[in-house]
Amino acid sequence: MNEDKTKVLVVEDHRMFSDGLRALLATDPDLVVVGEAVTGTEAVRMAAELLPDVVLMDLHLPEVSGIESTRQIVQVSPHIAVLVLTMFDDDESVFAAMRAGARGYLLKDAGRQEILRAVRAVSGGEAIFGPAVAQRVIHYFQSSRGMPGMSVFPQLTDRELEVLDLIAAGMNNNEITRRLGLSPKTVRNHVSNIFMKLQVSDRAQAIVRAREAGLGTKHTPGSREARLNAGGDLG
């Protein structure tokens, strides 16, 4: 194998699309497909074994999601560039992929030359986004939805950051349920995940961490001091 070529691992569980990607990549003499994975588990294992320069990553995968697969690959091999190629263009998917360490994000309706250009770009250290996704990124960081805690807590999802912001403002779970229109069980799950990811044992510790990061300053609920005594109550 020519060591000068950019090695690509294709992660895609739809065979027809995978075959099309392989054929497309074969048209560029500087690219070579070194493997194909159809599950997230395979993607992580093959990335560690083959050490590709680029992983073309679908998000909807069996066993382990593309987001989690990206996170595991980048943690073990930060030099590997993950380029997401998916049908999902919602904010949560885009920013979850970015936080997981993806260097690029394209939609599956991207043109052939756009895909090839993106593979070459991320392999060279660039960050690349399709036009529609780029507009979402720009709008997100220009809008008030860009929370102070994004860079401090990259392990949290957008929704978990939103919940943590309200926790930092002193809101209890019932108030968060009403504010976000979520079910009590969903809020409890988010709070539990936040505690686990931040490695804190109770609500008071979570509030301290969040306030230090600048969260909780845009809301004015009642007695914040009283709610600091909520401790580890998730209910």
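The values are calculated or read from the model by the stated rules, or taken from the named source; none is laboratory data. Because the structure is predicted, anything quoted here is derived from the model rather than measured. Note that each Cβ is placed from the backbone with ideal geometry, even for glycine, and that neighbours are counted across all protein chains shown. To get the accessible areas, we keep the full protein, side chains included, count just its heavy atoms, and leave off ligands, DNA and RNA. Shrake-Rupley method; radii C 1.70, N 1.55, O 1.52, S 1.80 Å.
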**Study point:** Restricting the range 168-182 to residues that are in contact (Cβ under 8 Å) with a residue 40 or more places away in the chain and not in a loop (DSSP other than H, G, I, E, B), the residue that is surrounded by the fewest Cβ atoms within 10 Å (Cβ to Cβ)
**Key:** E175
Exercise for review: Output the residues belonging to the range 107-142 that are modelled with pLDDT of 90 or more and basic (K, R).
Suggested key: K108, R112, R117, R120
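Kindly evaluate P52 against the criterion of being assigned to a loop (DSSP other than H, G, I, E, B), more than 22 Å from L156 (Cβ to Cβ) and touching an Asp or Glu at 6+ places or on another chain (Cβ under 7 Å).
Numbers: assigned to a loop (DSSP other than H, G, I, E, B): yes; more than 22 Å from L156 (Cβ to Cβ): yes; touching an Asp or Glu at 6+ places or on another chain (Cβ under 7 Å): no.
Spelling it out, it is not the case that P52 is assigned to a loop (DSSP other than H, G, I, E, B), more than 22 Å from L156 (Cβ to Cβ) and touching an Asp or Glu at 6+ places or on another chain (Cβ under 7 Å).
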Revision key, fill the gap. Picked from the range 183-194 (must be buried (at least 18 other Cβ atoms within 10 Å of the Cβ) and out of contact with any Lys or Arg (no Cβ under 7 Å at 6 or more places or on another chain)), the residue farthest from E160 (Cα to Cα) is V187
Point to revise | Members of the range 85-135 found to be open to solvent by less than 50 Å² (accessible area, probe 1.4 Å) and part of a loop (DSSP other than H, G, I, E, B), listed by number | key: G101, A102, K108, A110, G111, G130
Study note, to complete from the structure: When every residue in the range 62-74 that is open to solvent by 20 Å² or more (accessible area, probe 1.4 Å) and on the phi < 0 side of the Ramachandran plot is compared, the one farthest from the chain's Cα centre (by Cα) is P62
Exercise for review: Exactly one condition in (1) over 20 Å from L156 (Cα atoms); (2) open to solvent by less than 30 Å² (accessible area, probe 1.4 Å); (3) out of contact with any Leu (no Cβ under 9 Å at 6 or more places or on another chain) is not met by S77; state its number.
Suggested key: (3)
Check your understanding: In this structure, is M16 at pLDDT below 95, in a helix (DSSP H, G or I) and either crowded, with 19+ Cβ neighbours inside 10 Å or among the hydrophobic types (A, V, I, L, M, F, W, C) (or both)?
Key -> yes
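With the structure loaded, tell me whether G35 is farther than 23 Å from A127 by Cβ, of a type outside the set (K, R) and in a strand (DSSP E or B) or whether it fails that test. Spell out how you get there, then give the answer.
Working: farther than 23 Å from A127 by Cβ: yes; of a type outside the set (K, R): yes; in a strand (DSSP E or B): yes.
Yes; evaluated as a whole, the condition is true for this residue.
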